[in-house]
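The values are calculated or read from the model by the stated rules, or taken from the named source; none is laboratory data. Being a predicted model, the structure only gives us computed values, none of them experimental. A quick note on method: Cβ atoms are made from the backbone with ideal geometry, for glycine too, and the neighbour counts reach across all protein chains shown. Protein only, heavy atoms only, side chains kept; ligands, DNA and RNA dropped before computing areas. Shrake-Rupley method; radii C 1.70, N 1.55, O 1.52, S 1.80 Å.
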Amino acid sequence: MRLLLLRHAKSDWGDAELADIDRPLNARGKAAAVTMARYLRDQKLQPSVILCSTSQRTRETLARLLPCQPQEVHIELISDLYW
């Protein structure tokens, strides 16, 4: 068994009024998340369970990782992971 810890990709700070939890990925973050997805696939790092924060940027990062996963993954969105 292996534990992988991933941080969300680069977030967008363009809207100062937006709550931190609601900040999306910026363009660089979107591209980086796809690069990481391909790396995980190429290294055969295939999680069976993913625990993900409910923040916008972590969910967007996850959405870009999933298409490169060759198998179905159990996903749990957990608000307590955001801090």
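In this structure, the amide hydrogen of LEU25, modeled 1.01 Å from its nitrogen in the peptide plane, lies closer than 5 angstrom to those of ASP12, counting only residues at least 5 positions away or on a different chain. In sequence order, the stretch 8-23 has phi-based couplings of 4, 6, 4, 9, 9, 9, x, 10, 5, 7, 6, 5, 3, 5, 9, 5 Hz under the Karplus curve 6.51 cos²θ - 1.76 cosθ + 1.60, θ = phi - 60°, and Gly or Pro positions carry x. Classify the chain from the C-alpha gyration tensor, please: rounded if a/c falls under 1.5, else prolate or oblate depending on whether a/b exceeds b/c. The shape class here is oblate. Compute the helix-to-body angle for 56-65: its Cα long axis versus the longest principal axis of the chain, expressed 0 to 90° and rounded to tens. Result, in degrees: 30. Taking all protein chains into account, the per residue accessible area for the chain stands at 73 Å² (1.4 Å probe). Couplings for the stretch 37-48, taken from phi via the Karplus curve 6.51 cos²θ - 1.76 cosθ + 1.60 with θ = phi - 60°, read 4, 5, 4, 4, 5, 5, 8, 6, 9, 10, x, 9 Hz in order; Gly and Pro are left as x. Apolar share of the accessible surface for the chain: 54 percent from carbon plus sulfur atoms, 1.4 Å probe.
Projecting the Cα positions of THR61, LEU18, LEU3 onto the charge dipole of the chain (unit charges on Cβ atoms of Lys, Arg, Asp and Glu, taken about the Cα centre) puts LEU3 furthest along the positive direction.
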